[in-house]
Amino acid sequence: MKIIIKKGIFGVPMVIRQSFSFNTRSYGSHRAEVMLAKDGEYNLTIDGSAYSLHDGAAKRSPLYKDAIVKVSKEMLQAIVGWNNAYIYLSKKTLSPKSRTSVENQLNKLAIKQYKREPFTLPIPRKGEVAYDLQQEANFKFFSLWSRNSSKKSSFVSDTLEEEFNERMSNWEELKLYHETIQSCVEAQTNESFLREYNESKKALEDELYGDDTYVKQQISALNVKLDSQIPFDITLDVDYNKEGGIINAIASLPSMIYVPDKKAVPLSSGKISIKDKLKKELDTDTVNTLLGISYYLAGHLFNLSVNVSLVRLSVVTGFSAYYWVEFDRKSFSAISFSSLYPLQDFFSHPNVIDYKKSTIEIIPESDFRKRIDDVIKTSALLASNPNLILLPIGDAEKISKIISNSEDLKQAIKEAKATNSLTVIVDKRYRNVLNEVDDIEDTTKPQKTNLQFENSSFKAFNVDPVALYERARQYMNDFYAFMDLLSVDPGVNRHDNLNGVQVNLSEKMSGDGDTSTYRGKLFFCSLMDFYRIIKNVYKVVGDLHPYCYPFALVIFKIYTGKEVPFVQLSRYESVYRNCCNMLKPTETVPVPPHILFIADILYDYKEDQSWYNEYLSLISRFLKFIKDATDPTSVYSRNLDDYINTLRQKGLEIIL
């Protein structure tokens with residue numbers, strides 16, 4: 001079934017204006033207007049003219065600076081929003097509904113029943129009738145000369161039965177009329193309730209079981225939901241297999257994919273500079289945009305029905321293809337879309353893509369279909385044979401160089417290279433070999449002790465997250481080298497009072513995470529420092545954003561002993577979240593005099609301040625990393641500056 005999705009209108013206004021009034025001593029009041037064009041050019045007009053004798057007076061007005069800041073901020077927000085509509089499309093992905101939630105809705109569904117309104121008119125009573133007749137008799141037989149008691153009494157006694165019976169008859173007639181009306185209302189309302197129940201039940205059952213007719217209706221309605229939400233016209237061809245719960249979809253894009261090629265850089269003057277993106281930035285943005293389309297569309301496709309367990313999506317243009325990816329409902333539901341960078345997660349799913357040198361290369365259609373079939377067969381083979389695993393070709397080559405009798409592995413590598421595959425299928429015994437190889441490499445790596453702060457000029461909200469991750473990996477290695485030496489230094493170890501501190505965790509950790517050891521306590525205190533820094537800047541710790549990469553990599557190293565590759569980052573996100581949850585109770589621990597726990601320990605060791613200074617160098621690098629990964633126009637950037645100033649006021653030498 002094919003639908004057409006119309007692109008939305010995303011862009012930047014041609015010009016943003018801000019007016020203000022100012023006075024001159026000789027010529028009175030004037031009207032000035034500051035204009036900022038989308039190319040970054042600022043202009044000032046006075047009384048509608050671009051040339052005026054009063055330019056200087058206008059620019060000396062405090063309102064001029066306010067106008068400059070306002071148009072700059074609006075244009076900056078417009079350019080950032082324009083970029084985000086392309087680059088961060090994946091962050092708007094809908095999470096799939098869970099089968100359990102739909103089943104619970106179905107189980108809780110009940111037919112409503114109309115509640116009849118009671119007949120509230122009270123039943124006539126003889127005493128009330130007699131009283132009314134007595135009042136009537138008093139009026140009827142009133143006399144100034146006689147009470148007429150006998151006449152009044154006779155009137156009441158003669159009339160009472162007849163009046164009472166008449167009132168009872170009227171009451172019963174009204175009651176019957178009321179009940180008749182209520183019966184009609186009850187029948188109509190209950191019929192409506194039953195119809196509403198059946199419709200709701202059918203809708204939930206359709207969503208749960210995914211009947212073909214229902215899913216086709218939902219696909220037809222997709223273009224209404226998706227129109228104007230995506231920056232490209234897309235033709236989406238969807239094929240649904242109810243029995244397997246599989247959706248095969250093809251998203252056809254225009255032949256030319258355009259992403260914003262401009263970025264705005266705030267200046268200290270309050271203005272902004274509009275610059276062309278670097279080629280690497282443009283390539284990275286294009287990749288994130290193209291990959292983001294698959295996540296965004298898959299979220300909607302999974303929500304067609306909870307019966308959809310697998311979405312296979314091809315993103316193509318003309319007779320060529322960009323890539324193919326297979327998402328299963330379980331792993332897709334576990335993704336944190338608010339912090340998703342597609343390159344982090346994409347390669348953890350079965351895929352066909354030629355990603356080389358930060359770009360996605362076009363794949364010919366004939367080759368594309370064959371490679372998809374091979375990947376699907378591979379997935380089926382792995383699912384049916386627990387003794388087989390999938391390894392990145394780089395890891396397989398690493399193993400083949402060490403093990404001499406690995407002809408099966410070498411053959412698998414050869415076949416993979418022949419088909420441009422990035423992975424190989426091998427016996428699961430090679431996983432253990434790989435772990436041993438990694439352990440050997442970890443123990444033979446040279447330990448770096450010259451911890452020089454590295455300068456960086458890029459801004460991370462425009463940077464390739466892969467490059468950020470590589471920088472974080474280098475930081476983690478340097479940090480670990482520092483901790484390795486610190487933990488065995490007899491002077492520090494003997495001097496500080498950390499040996500007497502008890503860190504009680506609900507779960508016993510091993511290795512560097514064992515807080516019963518001196519080394520484990522050092523690592524735990526360092527994690528508390530990283531945690532508090534992020535908490536002070538971003539207020540919330542838990543989501544794995546790029547500014548957290550150094551913290552996350554240290555966590556992974558401590559608790560898994562591994563250097564996690566960028567493409568496997570999403571698989572380890574739960575480790576990061578669990579550690580953050582473990583550290584959350586430490587928020588109540590009093591802040592030490594030197595704010596950072598490790599700094600406080602090392603500062604007190606007067607005999608050798610080099611440890612203290614080296615730790616501050618590492619903290620400076622961490623703060624610089626966060627600064628580069630934070631939008632300078634955001635409140636978080638101001639939080640970071642305030643936190644750095646606090647550290648400096650406490651005497652900590654922080655050099656960025």
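Any idea which of (1) under 29 Å from S634 (Cα atoms); (2) without any contact (Cβ under 8 Å) to a residue 40 or more places away in the chain; (3) open to solvent by 10 Å² or more (accessible area, probe 1.4 Å) is the one E587 doesn't satisfy?
(2)
Could you please find all residues in region 629-640 being of a type outside the set (S, T, N, Q) and either in a loop (DSSP other than H, G, I, E, B) or buried (at least 20 other Cβ atoms within 10 Å of the Cβ) (or both)?
A629, D631, P632, L640
Look through region 506-535, keep the residues that are open to solvent by 10 Å² or more (accessible area, probe 1.4 Å) and over 23 Å from L485 (Cα atoms), and return whichever of them is modelled with the lowest pLDDT.
S506
Which fully enclosed helices (runs of 4 or more DSSP H) of region 340-416 have 3 or more residues being touching a residue at least 12 places away in the same chain (Cβ under 8 Å) and among the aromatic types (F, W, Y)?
none
Counting only residues that are assigned to a helix (DSSP H, G or I) and small (G, A, S), which one in region 190-210 is nearest to V308 (Cα to Cα)?
Checking each candidate, the answer is A203.
Could you please find all residues in region 71-89 being open to solvent by 80 Å² or more (accessible area, probe 1.4 Å) and of a type in the set (D, E, K, R)?
K73 - this is the single residue of region 71-89 that is open to solvent by 80 Å² or more (accessible area, probe 1.4 Å) and of a type in the set (D, E, K, R).
Need the failing condition index for N170 against (1) of a type outside the set (V, I, T); (2) over 30 Å from V287 (Cα atoms); (3) modelled with pLDDT of 90 or more; (4) under 35 Å from the mean Cα position of the chain (by Cα), just the number.
Checking N170 against (1) of a type outside the set (V, I, T); (2) over 30 Å from V287 (Cα atoms); (3) modelled with pLDDT of 90 or more; (4) under 35 Å from the mean Cα position of the chain (by Cα), the one that fails is (4).
Listed here are the residues, each with its yes/no results for (1) at pLDDT 90 or above; (2) surrounded by fewer than 11 Cβ atoms within 10 Å (Cβ to Cβ); (3) in contact with a helix residue (DSSP H, G or I) (Cβ under 7 Å, 6 or more places away or on another chain); (4) of a type in the set (G, A, S).
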| position | (1), (2), (3), (4) |
| --- | --- |
| K91 | no, no, yes, no |
| P96 | yes, no, yes, no |
| Q105 | no, no, yes, no |
| A110 | yes, yes, no, yes |
| Y114 | yes, no, yes, no |
| F119 | yes, no, yes, no |
| E128 | no, no, no, no |
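In region 591-637, which residues are over 31 Å from the mean Cα position of the chain (by Cα) and closer than 30 Å to A78 by Cα?
Passing the criteria: none in range.
Could you check region 1-56 and list, in sequence order, the residues that are in contact with a His (Cβ under 6 Å, 6 or more places away or on another chain) and open to solvent by 80 Å² or more (accessible area, probe 1.4 Å)?
Matches in region 1-56: D47 only.
Return the pairs, sorted by first residue and then second, in which the second residue is open to solvent by 40 Å² or more (accessible area, probe 1.4 Å) and assigned to a loop (DSSP other than H, G, I, E, B), the first residue lies in region 240-269 and is over 30 Å from V80 (Cα atoms), the beta carbons are less than 6 Å apart, and the residues are 6+ apart or on different chains.
Partner pairs satisfying both residue conditions: G245/S309.
Where the second residue is among the acidic types (D, E) and open to solvent by 10 Å² or more (accessible area, probe 1.4 Å) and the first is over 14 Å from M476 (Cα atoms) and lies in region 606-635, which pairs have Cβ atoms under 7 Å and are six or more apart or on separate chains?
L616/E653
Find the residue count for region 189-228, including only residues that are buried (at least 16 other Cβ atoms within 10 Å of the Cβ) and within 30 Å of Y86 (Cα to Cα).
5
Can you list the helices (runs of 4 or more DSSP H) lying wholly within region 536-621 that have 1 or more residues being more than 25 Å from T646 (Cα to Cα)?
Filter on region 536-621 gives 549-560, 573-583.
Find the residue count for region 45-95, including only residues that are among the polar types (S, T, N, Q) and either touching a Cys at 6+ places or on another chain (Cβ under 8 Å) or under 30 Å from G28 (Cβ atoms) (or both).
5
Tell me, please, whether a residue that is aliphatic (A, V, I, L, M), out of contact with any Leu (no Cβ under 9 Å at 6 or more places or on another chain) and open to solvent by less than 10 Å² (accessible area, probe 1.4 Å) can be found in region 315-328.
Yes, region 315-328 contains a residue that is aliphatic (A, V, I, L, M), out of contact with any Leu (no Cβ under 9 Å at 6 or more places or on another chain) and open to solvent by less than 10 Å² (accessible area, probe 1.4 Å).
What number goes with the only condition from (1) in contact with a strand residue (DSSP E or B) (Cβ under 9 Å, 6 or more places away or on another chain); (2) open to solvent by 50 Å² or more (accessible area, probe 1.4 Å); (3) of a type outside the set (D, E, K, R) that L343 does not pass?
(2)
When region 238-291 is examined, which residues are found to be assigned to a strand (DSSP E or B) and in contact with a helix residue (DSSP H, G or I) (Cβ under 7 Å, 6 or more places away or on another chain)?
Result: V238, Y240, I247, A249, A251, K262, K263, A264, P266, I272.
Of all residues in region 405-415 being open to solvent by 60 Å² or more (accessible area, probe 1.4 Å) and either over 13 Å from Y430 (Cα atoms) or in contact with a Ser or Thr (Cβ under 6 Å, 6 or more places away or on another chain) (or both), which is modelled with the lowest pLDDT?
E415
Tell me which residues, restricted to region 211-234, are within 20 Å of A298 (Cβ to Cβ), touching a helix residue (DSSP H, G or I) at 6+ places or on another chain (Cβ under 9 Å) and outside any helix (DSSP H, G or I).
Q229, I230, P231, F232, I234
Please find, within region 9-24, the residue that is nearest to Y86 (Cα to Cα) out of those that are of a type in the set (A, V, I, L, M) and outside any strand (DSSP E or B).
I9
Regarding V540, is this residue within 25 Å of the chain's Cα centre (by Cα), closer than 22 Å to P342 by Cβ, open to solvent by 30 Å² or more (accessible area, probe 1.4 Å) and free of Cβ contacts under 8 Å to residues at least 60 places away in the same chain?
no
Six or more apart or on different chains, Cβ atoms under 6 Å: show the pairs whose first residue is in region 95-109 and part of a helix (DSSP H, G or I) and whose second is open to solvent by 60 Å² or more (accessible area, probe 1.4 Å).
Short answer, once both residue conditions are applied: none.
Under the condition of being among the aromatic types (F, W, Y) and open to solvent by less than 10 Å² (accessible area, probe 1.4 Å), which residue from region 548-584 is nearest to R532 (Cα to Cα)?
Out of the qualifying residues, it is F551.
Of (1) in contact with a Leu (Cβ under 8 Å, 6 or more places away or on another chain); (2) farther than 30 Å from R116 by Cα; (3) open to solvent by 50 Å² or more (accessible area, probe 1.4 Å), L160 satisfies all except one. Which?
(3)
The values are calculated or read from the model by the stated rules, or taken from the named source; none is laboratory data. Everything numeric in this text was worked out from a predicted model, so none of it was measured. Ideal geometry is used to build each Cβ from the backbone, glycine not excepted, and the neighbour counts take in all protein chains shown. Accessible surface areas use protein heavy atoms only, side chains included; no ligands, DNA or RNA. Shrake-Rupley method; radii C 1.70, N 1.55, O 1.52, S 1.80 Å.
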